[in-house]
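Here the structure comes first, spelled out in structure tokens, and everything after it is commentary.
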Amino acid sequence: MLMLVIGILSEREFEHLGKLLSSPDTNLVKMLVHVMGGMENKPSFKKLLELQRHASADVRQEALKAIFRRKSNMLGELGSLMNDPDEKVQRLFLRYAAEQRDVKTERLLLSYLKKHRIRSGNKRFISLVYIALGKCGSDESLPFLEKDLFFLPGLGILRSKKSLRRQAAVSALKELNTEKAKTMLNRKSKGLYANQT
């Protein structure tokens, strides 16, 4: 009830709540950020964006939840979260990214994958990026995924079955699930070295 009252009052005058967000009490800040997720005024939303740089990962995570509740189409403009030092924040971002088709988010994830090739050391996280790309993306991602799937696309020569890039591309294509993605997966099953390591 107290948080509801704070939210109602802060809709009219955000300045006082804004000052409380500077408190060193992380739990208090998290509660206030949660309240901001139900608000509608512009100053509170601007503050949520600023809180993506807060020293506490828990606060950054709560701010992302609040932003998504208010404007889920904003994800594509929060690219810095893909480089957040806390993996929990990164994973939350990917979870939200996977919930809807969005061109900006798709291009953000494509840009990230072009700069961060999948390797044994980052396999688990980068695999999640590929899956999120498939769920939020479109056929615009196909040229990139084709290069990860095939060693020589024009000749239909696949990468090795052990290739992390091939495995990740297959996961993304299955999630993408468009007719062109299905066609590419069908090409994969008939491609040279389809059944070889």
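Look at the dipole of the chain built from charges on Cβ: of 39, 54, 21, the Cα furthest out on the positive end belongs to 54.
With 17 Å as the cut-off, how large is the P(r) tail for the stretch 78-197, expressed as percent of Cα-Cα pairs? Present the calculation step by step, with values, prior to reporting the outcome.
Details: 3743 of 7140 pairs.
In whole percent, the long-distance tail amounts to 52.
Adding -39500 (n - 2.57) for every DSSP H run of four residues or longer, then dividing by how many residues the chain holds, sets the calculated 222 nm ellipticity at -19000 deg cm²/dmol.
Applying a DSSP loop filter and a limit of 16 other Cβ atoms within 10 Å to the trypsin sites (Lys or Arg not before Pro) in the stretch 113-197 leaves 117, 119, 161, 162. For the stretch 33-74 versus the stretch 133-185, the spacing of their alpha-carbon centroids is 34 Å.
FYI, it's all coordinate maths here, none of it is from the lab. Treat the numbers as computed from the prediction; the structure is a model and nothing was measured. With ideal geometry, Cβ positions are generated from the backbone for all residues, glycine too; neighbour counts draw on all protein chains shown.
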